[in-house]
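Notes to accompany the following structure.
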Amino acid sequence: MHVLSINWVKRVTIIYLAEAEGLKETQLSLYFQDISAFDNPNATVIPVAGIVGKAWTFTQFHSAPAQFGTVYITDDYITETSDPKSPEVGRAQGMNVTAGLDGLNSHVMISIVFTNKEYNGSTIQIQGVSKQFEAVREVALVAGTGKFRFARGYATFETYFLDIPAQYSVI
């Protein structure tokens, strides 16, 4: 069994089951570069479906959360540090759906696809309800491939940096 902790300020702890291995823990720190500016050609998060007549937007304000039923597709790049110019280690590809009637919770389904030398081609699968306005949000780590085959555990997401006017955050 292999335990992997990824502290990316979306912190992930993974238990990786491997044949004939004892319990092993690995720690990584990763940073999601999240660009939600829908008019920006470099956007990494976009809404693709929602309730007709309702705004398909998401804000970081508790008083104006996303609309229930809005579906967002994401392809955030993941870096070694919080600096967006630091080396890319992978992509966070998947979708988020505003699942709470009050717009405060999002159901997250994300594959972390590694592109760096050490884990290239390996993936980690994350899913669960993310309580968007909590400082630390926990979701399940349900699977992995390559070096993370049979992974299981949990991820914690924390917003490291937020620029609301630019619709940019590091998670």
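Which of the residues belonging to region 133-171 are open to solvent by 40 Å² or more (accessible area, probe 1.4 Å), outside any strand (DSSP E or B) and either more than 23 Å from ASN42 (Cα to Cα) or in contact (Cβ under 8 Å) with a residue 60 or more places away in the chain (or both)?
Correct list: PHE133, GLU134, ALA135, LYS147, ARG149, PHE150, THR159, TYR160, ILE164, ALA166, GLN167.
In region 23-34, which residue that is modelled with pLDDT of 75 or more and farther than 14 Å from ILE164 by Cβ is surrounded by the fewest Cβ atoms within 10 Å (Cβ to Cβ)? Full working, then the answer.
Keep residues of region 23-34 that are modelled with pLDDT of 75 or more, which gives 29-34.
Applying the additional criterion that residues be farther than 14 Å from ILE164 by Cβ yields 29-33.
On the way: SER29: 15, LEU30: 23, TYR31: 23, PHE32: 26, GLN33: 22.
Only one residue tops the list, namely SER29.
Listed here are the residues, each with its yes/no results for (1) crowded, with 20+ Cβ neighbours inside 10 Å; (2) assigned to a strand (DSSP E or B).
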{"position": "TYR72", "(1), (2)": "yes, yes"}
{"position": "ASP76", "(1), (2)": "yes, yes"}
{"position": "SER82", "(1), (2)": "no, no"}
{"position": "GLY90", "(1), (2)": "yes, yes"}
{"position": "GLY100", "(1), (2)": "no, no"}
{"position": "GLY103", "(1), (2)": "yes, no"}
{"position": "VAL108", "(1), (2)": "yes, yes"}
{"position": "ILE112", "(1), (2)": "yes, yes"}
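Scanning region 74-107 for residues that are of a type in the set (A, V, I, L, M, F, W, C) and at pLDDT below 95, which turns out farthest from LEU162 (Cα to Cα)? Quick ask: steps written out before the conclusion?
The first filter runs over region 74-107 and keeps only residues of a type in the set (A, V, I, L, M, F, W, C), leaving 78, 89, 92, 95, 97, 99, 101, 104.
Adding the requirement that they be at pLDDT below 95 leaves 97, 99, 101, 104.
Values: VAL97: 21, ALA99: 23, LEU101: 25, LEU104: 18 Å.
Selected residue: LEU101.
Among the numbered conditions (1) in contact with a strand residue (DSSP E or B) (Cβ under 8 Å, 6 or more places away or on another chain); (2) closer than 18 Å to LEU28 by Cα, tell me where GLU118 comes up short.
Answer for GLU118: the failing condition is (1).
From the list ALA43, ALA55, ALA64, ALA37, which one is at pLDDT 85 or above and either open to solvent by less than 70 Å² (accessible area, probe 1.4 Å) or touching a His at 6+ places or on another chain (Cβ under 6 Å) (or both)?
Step by step, each of ALA43, ALA55, ALA64, ALA37 is checked, and only ALA43 is at pLDDT 85 or above and either open to solvent by less than 70 Å² (accessible area, probe 1.4 Å) or touching a His at 6+ places or on another chain (Cβ under 6 Å) (or both).
Look through region 110-120, keep the residues that are touching a residue at least 24 places away in the same chain (Cβ under 8 Å) and touching a Ser or Thr at 6+ places or on another chain (Cβ under 8 Å), and return whichever of them is farthest from ILE78 (Cα to Cα).
ILE110
Suppose we keep only residues that are not in a strand (DSSP E or B) and not hydroxyl-bearing (Ser, Thr, Tyr) within region 114-129. Which one would you say is nearest to ALA143 (Cα to Cα)?
So in region 114-129, the residues not in a strand (DSSP E or B) come out as 115-122.
Restricting the remaining residues to those that are not hydroxyl-bearing (Ser, Thr, Tyr) gives 116-118, 120-121.
Values: ASN116: 19, LYS117: 21, GLU118: 19, ASN120: 16, GLY121: 14 Å.
Looking at residues that are not in a strand (DSSP E or B) and not hydroxyl-bearing (Ser, Thr, Tyr), I get GLY121.
Every residue in region 141-157 that is in contact with a Phe, Trp or Tyr (Cβ under 9 Å, 6 or more places away or on another chain) and closer than 15 Å to ALA92 by Cα, please.
Residues satisfying the conditions are LEU141, ALA143, GLY144, ALA155, PHE157.
The values are calculated or read from the model by the stated rules, or taken from the named source; none is laboratory data. Here the structure is a predicted model, which is why all the values come from computation and not from measurement. So basically every Cβ, Gly included, is an ideal-geometry build from the backbone, and we count neighbours across all protein chains shown. With ligands, DNA and RNA removed, areas are computed over all heavy atoms of the protein, side chains included. Shrake-Rupley method; radii C 1.70, N 1.55, O 1.52, S 1.80 Å.
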